[in-house]
Protein chains: 2
Amino acid sequence: MSWSSFYHTASRVFHEYPSWSKSVVVCTIISGGGLVAYNDARSAYSDCGDQIPKKKVVVLGTGWAGTSFVKTMKDPSYDIHVVSPRNYFAFTPLLPSVTCGTVEARSVVEPIRNISRKSGLNVQFSEAECYKIDPKNNKVYCRAGQDKKLDGIEEFSIDYDYLIIAMGGRSNTFNTPGVQENAYFLKEIEDALRIRQKVINLFERASLPSISVEEKKKLLSFVVVGGGPTGVEFAAELHDFVHEDLCKLYPSLINHVKITLLEAGDHILNMFDKRITEFAEKKFNRNGIDVKLGSMVVKVGEKDISAKERGSGQVVTMPHGMVVWSTGIGVRPEILDFMKQLGQINRRALVTDEWLRVEGCDNIYALGDCATINQRRVMEDIAVIFNKADKNNSGMLDLKEFKNVVGDIIERYPQVDIYLKKNQMKDMATLLKKSQESSLTVDIEYFKDALSKVDSQMKNLPATAQVAAQQGAYLADCFNRMELCEKYPEGPLRFRGIGRHRFRAFRYKHFGQFAPLGGEQTAAQLPGDWVSIGQSSQWLWYSVYASKLVSWRTRALVISDWGRRFIFGRDSSQI
Amino acid sequence: MSWSSFYHTASRVFHEYPSWSKSVVVCTIISGGGLVAYNDARSAYSDCGDQIPKKKVVVLGTGWAGTSFVKTMKDPSYDIHVVSPRNYFAFTPLLPSVTCGTVEARSVVEPIRNISRKSGLNVQFSEAECYKIDPKNNKVYCRAGQDKKLDGIEEFSIDYDYLIIAMGGRSNTFNTPGVQENAYFLKEIEDALRIRQKVINLFERASLPSISVEEKKKLLSFVVVGGGPTGVEFAAELHDFVHEDLCKLYPSLINHVKITLLEAGDHILNMFDKRITEFAEKKFNRNGIDVKLGSMVVKVGEKDISAKERGSGQVVTMPHGMVVWSTGIGVRPEILDFMKQLGQINRRALVTDEWLRVEGCDNIYALGDCATINQRRVMEDIAVIFNKADKNNSGMLDLKEFKNVVGDIIERYPQVDIYLKKNQMKDMATLLKKSQESSLTVDIEYFKDALSKVDSQMKNLPATAQVAAQQGAYLADCFNRMELCEKYPEGPLRFRGIGRHRFRAFRYKHFGQFAPLGGEQTAAQLPGDWVSIGQSSQWLWYSVYASKLVSWRTRALVISDWGRRFIFGRDSSQI
């Protein structure tokens, strides 16, 4: 009997006698064709009216977190429904390159349907925006078409068993007047394309015969707000575009171009090592990019921008042709609405526990830029930790008792580990030892005191692609092993409660960060305080980004874009 | 003395003593460095206040005609100012490929500044639209920014010595109600990008869970109006896109897709050979593209389209998700306004003489789709031709007299040549011979009679890229040899007037035409009635188009796009 005829027979049998299924599965496992038969059985079931209904997982968003989740999912026992206003995944670290045409927009995107098709699972996709989450009825409400203005609006709702919120953030304007109306953002592919159009448009406008020199200078004043990696990279890309390509086509305008970078803090790239910050500031000065530190924007007008200088307290106003705003991430209105429903007021994002589950919801997860992990404090649980450890209820903890729980403590409260490393302590026993000689027997008060400073090491994770991608993969991995881990939980001891947590908590691994500075120079900060600046890092950047791209198609396209740029330069056609 | 120091010295000398220039030029010519010194002298002049003002040529448009003109210009004694709302040249024959992502938009465009820079001339470009031509004051009025809505409108005017109008046409709606509002056109890069977005949008919309099967079918009804090469190629591209790429990502929708091609005439591709027409119609039928012949669209609604069937006279209405309108070329409003100023009423385009000069204007030329050549009729001039030929004023034309002018007649009135070839006559003497035996001596009446049918061979040139490009190159060539041909005119005898025409008249050379039919099949009709259909023509098409592309950059990009499509398929991300 061939496999296909086996399939048909088996399907028919299941269809006609659903109650037989289990015994058949057992038989088939014995005969050695277990997995296939099991899968077939499930799909046959879902074809004939969902006798064993699959659990429905709704994923909101196709950014780093959502896409990474879909890519990592393996378990066919879920129906996955992805909802996003974008039918593609965008490789956002290359967005600044798209603004100037170093890389084409289409080279850094991959249709989500392509990605999900490769996973081999039953993934449905709807191009729509979720505008309301109803956790009581396990429903999300969606709307298609408000952006595109092509066919009117279409509304619908989707039921879920599990909801995964990965909608990302929006650009944070800090309610600065005029930003929303007059500034350009750099979060989405459309933003990058809009910036590209605008830059060329300004050069074309400044070339018109009726434009005075004064006016040319105003038009060609580019202001970048925010000295983070995105703002810095955009300023560098723009500088290169102007001085490598546009200078040939608009030779009379080049002297009128001015690029200004406004940063409210003391330094640009302040999340990087001091050496990188210094190098970047010096390089920008050499390039003629005007870096204004301690300069907080208070208003963006249609044609000018005002910033308050921290030193003098004065408000300085300067003309601009274009402002690019890149100062960080804020909460999207739909997420804010959901946070209100949950009573999460005044939080910087949707709060989850260490397993990425939204606080107060059993079946809703949140990842990426729209979420923040509420790491549990040691001090909150200090009494229950002590009690759990103190097995003989003696009120004192001795070395043996302590060794039984130390692994669980460190896993449940990662800040302990960070604190130990920071203070160069070998292990937790060192932290608890009263002096070099004394043996380890401590009471609750001493225990509290020793751990009192540990919670200060808790930090929010940065809003980066790396974090989002790791979270998506982590969560999918949990879903893949849901049943297995139900039986054999692998997480740490529950200090409040019985047994162990089902999964290990999410733990972020930092692989380093790049800051391209233009002119084939990149700064790289890698784990272990390793800093590299220059052309070699640029090549490291090229190779890391090429390898990280989501598909062979995008990889080939981006590499050919880089090649094209080396040979022909960047294109300045206004399309 | 090095060349650069020579340049500086010479410039200074010219600057200080302009009147010396001629003698210095003579000296330099004697010393062997003529051309360089002459050019330097001219540029030095224009730097120091235009003592010898250059003639200013204003070119309106950066399509095939305008770009071809700029590319072919060599004479540095003109200041060229190009005005166009698009700062790039687009290789329009590949537009249908852009609609479905077979080729990327950016691969088929080249910035006009890049093209003009390579010509080595002083070419200025303004991204603006000319909205009024004032031939009395030699001025054009331009406006920038009304399309982009980015920075408000900027208006200015430019003076010209010569004006070259190459603004192209607009899509002709034949005033059919609803077309302007509800149909998609396929003339510009933006149109192609809009169509691409819309196609994906329709598939995404049809995938939404709230859309009924009925509604899916309506959304995925694509109607193409016009069975010319563009409409046919678009229908074929769309079919390939759906059946090669989208079928993998939207498998459940493929059965709902319907492509309909409406053609008012009896056949699609009716300017091609019958064999090609038949092949195309059969292929489309096999592919499931519904070709409705004799079907004239009377109304395009938001969601349905009505067409009158010529056979039955009935009006049939069908739903559509998208209508692509490709029925030919109409006159742009600015050209219409100019035609009214000149009294050219009820003409299909701006009328020029055979030298592409606008009728009634000495220094204005019109080329490409916005112009039509008013070929002079033989019968209008029959008397003056006879008189000019009849040198001895005998009232009779003999063989010797006739031989003196026959070349000029054929050059001035190309319809004569076409008529002879069509009737398989060896030369004009054959046409005039009364019978096989008689010698050639004819009077005016007989002469008239013999040539009476010749004018029936006059035809308007098709509105194609080939015609426009040849016209642009022809006109630039005339400008390049303006002074030379002033002295040594090379054109035919002036029958009304004295002497010869300065230039030969424009003569179109047809190099054949392609009609890609999808599925790697192309029909080609080459000169000499040579017809080729199939995959070999597709490869001919690839190689001809690759070689005709405007720059090495576009060539490399288009070829890599083709390669990418073969390997990875077309992208369906909605950006």
Original post:
Quick one: is B:D75 assigned by TED's automatic domain parsing to the domain that holds B:Y160, modelled with pLDDT of 50 or more and outside any strand (DSSP E or B)?
Top reply: yes
Original post:
What single numbered condition from (1) within 12 Å of chain B (Cβ to nearest Cβ); (2) aliphatic (A, V, I, L, M); (3) out of contact with any helix residue (DSSP H, G or I) (no Cβ under 8 Å at 6 or more places or on another chain) fails to hold for A:I189?
Top reply: (3)
**OP:** Scan the helices (runs of 4 or more DSSP H) fully inside the stretch A:147-249 and keep the ones with 2 or more residues being buried (at least 21 other Cβ atoms within 10 Å of the Cβ).
**Re:** A:189-207, A:213-219, A:229-240
Original post:
Would you call B:A144 at the interface with chain A (Cβ under 10 Å from one of its Cβ atoms), buried (at least 20 other Cβ atoms within 10 Å of the Cβ) and either small (G, A, S) or at negative phi (or both)?
Top reply: yes
Original post:
So which helices (runs of 4 or more DSSP H) stay within the stretch A:307-422 end to end and still have 3 or more residues that are among the acidic types (D, E)?
Top reply: A:399-412
Subject >> Scan of the stretch B:74-98 for residues that are within 18 Å of the chain's Cα centre (by Cα) and either within 11 Å of chain A (Cβ to nearest Cβ) or among the hydrophobic types (A, V, I, L, M, F, W, C) (or both), ordered by number >> reply: B:V82, B:V83, B:S84, B:P85, B:R86, B:N87, B:Y88, B:F89, B:A90, B:F91, B:L94, B:L95
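Would you pick out the residues in the stretch A:99-127 that are assigned to a helix (DSSP H, G or I), over 17 Å from the mean Cα position of the chain (by Cα) and within 10 Å of chain B (Cβ to nearest Cβ)?
A:A105, A:R106, A:S107, A:R113, A:N114, A:S116, A:R117
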Original post:
What are the pairs, 6+ residues apart or on separate chains, where a residue within the stretch B:558-575 that is facing chain A (nearest Cβ under 8 Å) has its Cβ under 7 Å from a residue that is of a type in the set (S, T, N, Q) and surrounded by 20 or more Cβ atoms within 10 Å (Cβ to Cβ)?
Top reply: B:S573/A:N87; B:Q574/A:N87; B:Q574/B:N201
Original post:
What about A:F234, is it more than 30 Å from A:Y474 (Cβ to Cβ), within 14 Å of chain B (Cβ to nearest Cβ) and aromatic (F, W, Y)?
Top reply: no
Original post:
Mind checking which residues of the stretch B:347-370 are among the small types (G, A, S) and either touching a Ser or Thr at 6+ places or on another chain (Cβ under 9 Å) or surrounded by 15 or more Cβ atoms within 10 Å (Cβ to Cβ) (or both)?
Top reply: B:A349, B:A366, B:G368
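Matching residues to (1) surrounded by fewer than 24 Cβ atoms within 10 Å (Cβ to Cβ); (2) touching a residue at least 60 places away in the same chain (Cβ under 8 Å):
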position	(1), (2)
B:K74	yes, yes
B:D79	yes, no
B:V83	no, yes
B:V98	no, yes
B:R117	yes, no
B:L121	yes, no
B:E127	no, no
Original post:
Does any residue of the stretch B:335-346 turn out to be crowded, with 21+ Cβ neighbours inside 10 Å and β-branched (V, I, T)?
Top reply: yes
Original post:
Hey, does the stretch B:288-305 have a residue that's polar (S, T, N, Q), in contact with a Gly (Cβ under 8 Å, 6 or more places away or on another chain) and farther than 22 Å from B:V83 by Cβ?
Top reply: no
Original post:
Which one of A:L549, A:L475 is within 14 Å of chain B (Cβ to nearest Cβ), under 18 Å from the mean Cα position of the chain (by Cα) and buried (at least 20 other Cβ atoms within 10 Å of the Cβ)?
Top reply: A:L549
Original post:
Considering only residues of the stretch B:297-328 that are of a type in the set (A, V, I, L, M) and buried (at least 19 other Cβ atoms within 10 Å of the Cβ), which is nearest to the chain's Cα centre (by Cα)?
Top reply: B:V324
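Can you confirm whether B:A450 is surrounded by 18 or more Cβ atoms within 10 Å (Cβ to Cβ) and either modelled with pLDDT under 90 or not β-branched (V, I, T) (or both)?
Judged against the criteria, B:A450 is not a match.
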Subject >> Pick from the stretch A:198-221, criterion more than 10 Å from chain B (Cβ to nearest Cβ) and touching a His at 6+ places or on another chain (Cβ under 9 Å), ranking: nearest to A:V323 (Cα to Cα) >> reply: A:S221
Subject >> Some residue of the stretch B:361-373 being touching a Phe, Trp or Tyr at 6+ places or on another chain (Cβ under 7 Å), without any contact (Cβ under 8 Å) to a residue 40 or more places away in the chain and under 27 Å from B:D417 (Cβ atoms) >> reply: no
Subject >> Selection count, the stretch B:350-390, where residues are β-branched (V, I, T) and at pLDDT 90 or above >> reply: 6
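Rundown of residues vs (1) surrounded by fewer than 13 Cβ atoms within 10 Å (Cβ to Cβ); (2) in contact with a helix residue (DSSP H, G or I) (Cβ under 9 Å, 6 or more places away or on another chain), yes/no style:
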| position | (1), (2) |
| --- | --- |
| A:T372 | no, no |
| A:A383 | no, yes |
| A:G395 | yes, yes |
| A:K400 | yes, no |
| A:G407 | yes, no |
| A:D417 | no, yes |
| A:L420 | no, yes |
| A:N423 | yes, yes |
| A:M428 | no, yes |
Original post:
Do we find a residue being at pLDDT below 85, touching a strand residue (DSSP E or B) at 6+ places or on another chain (Cβ under 6 Å) and either under 29 Å from B:L261 (Cα atoms) or among the hydrophobic types (A, V, I, L, M, F, W, C) (or both) anywhere in the stretch B:542-555?
Top reply: yes
**OP:** Select, from B:G534, B:G519, the only residue that is at pLDDT 85 or above, closer than 24 Å to B:R194 by Cα and assigned by TED's automatic domain parsing to the domain that holds B:R275.
**Re:** B:G519
Subject >> Condition check for B:R377: buried (at least 16 other Cβ atoms within 10 Å of the Cβ) and basic (K, R) >> reply: no
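The values are calculated or read from the model by the stated rules, or taken from the named source; none is laboratory data. What you see is a predicted model, and the numbers here were worked out from it, not measured in a lab. Every residue, glycine as well, gets a Cβ built from its backbone with ideal geometry; the counts of neighbours run over all protein chains shown.
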